[in-house]
Amino acid sequence: MIQQQQLRNHYPHVEDDHDIIGLEEHTKTLQTELMKDDERRYVVSIVGVGGLGKTTLAKKIYKHDIVMSRFDCHAWSSISQQFNPGDSLLQLIKTSMNLGDNELNRIKELSMRDLVGKLYLYLQDKRYFVVLDDLWSFEDWNTLSPAFPNGKRGSKVLLTTRNKEVASQVDPWSLQLEPHLLNDEDSWELLCKKAFPKNMRDVACYPTNLEKLGKDMVRKCGGLPLAICVLGGILATKRAEIKEWEYVNRNFTSNINKGKNGGVMGILELSYNDLPVHLKPCFLYLSLSPEDYVIPRKKLIQLWIAEGFILHMQEDALVTPEDIGKNQYYAELIQRCMIQPDKDTNPWRKKACRMHDLMRDLCLLKAKEMNFSDVYNDHNDGITLNSSRTDTCRRLRRYSLHLNDQAKRYDNLYFNNSTCALRTLLVNNPRGNPLAPLQYQNIILLQVLDLENAKNFSTNITQEVMATAR
């Protein structure tokens, strides 16, 4: 038990370089390319399948000392498949400019045209370095590119994409780097760094009979870093004993044959199945957040507590539910590679996390399978959960609305089914669009309500909901 606890004590604030194995050569190649004193602004690309380590490599370059000293300013934006240009431009402005809270709030009110103009004017007399992580289409690039002037000689844009054609369309004359899959040696090294505590891997003091079994499992990951990290995260919670590893191997082999994308989803599904019972709802709760969303740790833990997910069974009265949520629940999801600490591109956001796209796909799939939650991505003027989804509405407990940041106002938030059993409603509202009073009369069981950045909202909602409930 002591050994198992040691394996679990890997907390998200501890720096490590687990994920950069096999990327050293690519790091040097990119560094050389970014140092070139080109007259025009070049767009360098990192291309490859999901889970290959494109974002990890981009982060490594983004915070590299030599690269940092080369450029006057740096900016980063995580693009998603559901492209949100306003949010992407805001990310670039936040990461490149040193702005106070008041000015940031004013910027959120700007139109797309004004956001593009503001970023353009700021960058035009600087040697800048911009990263666009996970670009999905050439159309998305065309929307953002007017914000990127030539700037000083040597300015660069680095993008990561799964589509090689997108990289060729954006800049056919620049480097398009395709990281290779890890070989067997690097794969085993990465697994060891994830699965064993440092004192064991430094002297290779793990049992020798584990090595053959571990290499057999890691070979099935096909050299894909994400799959290896997830497998290592599972093994890190087990004792370094052949019986426990054989148990993982049996489930691993079974699941990898079920998965899509070359078996990757099967590996990720195993990571979910291996979660302790108390962590599964905490993981599924992340399905309520938008793609590539930076999730503040404090807020996430508060939501877990409000939902009753965190079991406070400590005899020590000084140990709070927040402590348990941070040091046990949150830390173990990090250790298992189910979520990733967001500390590389936004240094002031060390107390936040995000999910890999493939892991989020699994989270959404499981949440819907279990009727744990549902998500609405708004592209209309009004939002209604009504009789067209009567059966779902009767059972559904948690719902998340992802509002379109281009709309000016949302006057219709209706829940029309009188038997609605909704307990949780989260509204993702990045631009702080005004919301009219929620039509809450038919959601009298509501317990958790989060109206992110909402303005001009009814201040007496609590009293009104309580009165309706009575």
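Summary of computed values
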quantity	calculated
Solvent-accessible surface ranking, highest first, for Tyr247, Tyr122 at 1.4 angstrom	Tyr247, Tyr122
Pair Asn150, Glu369: separation of 7 Å Cα→Cβ label points (nm)	5.5
Efficiency of FRET from Cβ geometry, Lys198 and Asp72, R₀ 41 Å, rounded to 0.05	0.60
Rotationally averaged projected area of segment 148-277 (alpha carbon convex hull; nm²)	11.6
Rounded percent of accessible protein surface that carbon and sulfur make up, segment 78-130, 1.4 Å probe	40
Packing rank of 303-311, 101-109, where each peptide gets the mean count of other beta carbons within 10 Å, highest leading	303-311, 101-109
Length added when fully stretched, Leu445-Leu213, from 0.36 nm per residue minus Cα-Cα	78.5 nm
Out-of-range pairs (alpha-carbon distance over 18 Å; input Lys198/Lys351; Lys28/Lys63; Lys198/Lys220; Lys60/Lys94)	Lys198/Lys351; Lys198/Lys220; Lys60/Lys94
Placed amide H near Glu178: partners under 5 Å, 5+ positions off or other chain	Val47
Spin-label pair Lys298/Glu244, simplified geometry with 7 Å Cα→Cβ offset, distance in nm	3.5
Table column - 3J(HN,Hα) (Hz), segment 122-138, Karplus curve with 6.51, -1.76, 1.60, x for Gly and Pro	5, 8, 5, 10, 10, 8, 10, 10, 10, 10, 10, 8, 6, 7, 9, 8, 5
Förster radius 51 Å - calculated FRET efficiency between His64 and Ala421, Cβ distance, rounded to 0.05	0.50
Set of lysines with alpha-carbon distance to Lys164 below 16 Å, sequence-local pairs under 8 removed	Lys54
Principal semi-axes in Å for segment 120-220 [√(5λ), Cα gyration tensor, largest first]	43, 17, 11
Spacing of the two label points (7 Å from each Cα toward its C-beta) at Met35 and Arg397, in nm	5.6
Contour minus Cα-Cα distance for His180 and Leu104 (0.36 nm per residue)	23.4 nm
Stretch gain in nm, segment Met97-Gln81, where the contour uses 0.36 nm per residue and the Cα spacing is subtracted	3.2 nm
Protection-proxy order for peptides 354-363, 62-71, each taking the mean of Cβ atoms within 10 Å per residue, highest first	354-363, 62-71
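The values are calculated or read from the model by the stated rules, or taken from the named source; none is laboratory data. The structure presented is a predicted model; accordingly, all values stated were derived computationally and were not measured. Neighbour counts run over all protein chains shown; Cβ positions are idealised from the backbone, glycine included. Side chains included, ligands, DNA and RNA excluded: accessible areas come from the protein's heavy atoms. Shrake-Rupley method; radii C 1.70, N 1.55, O 1.52, S 1.80 Å.
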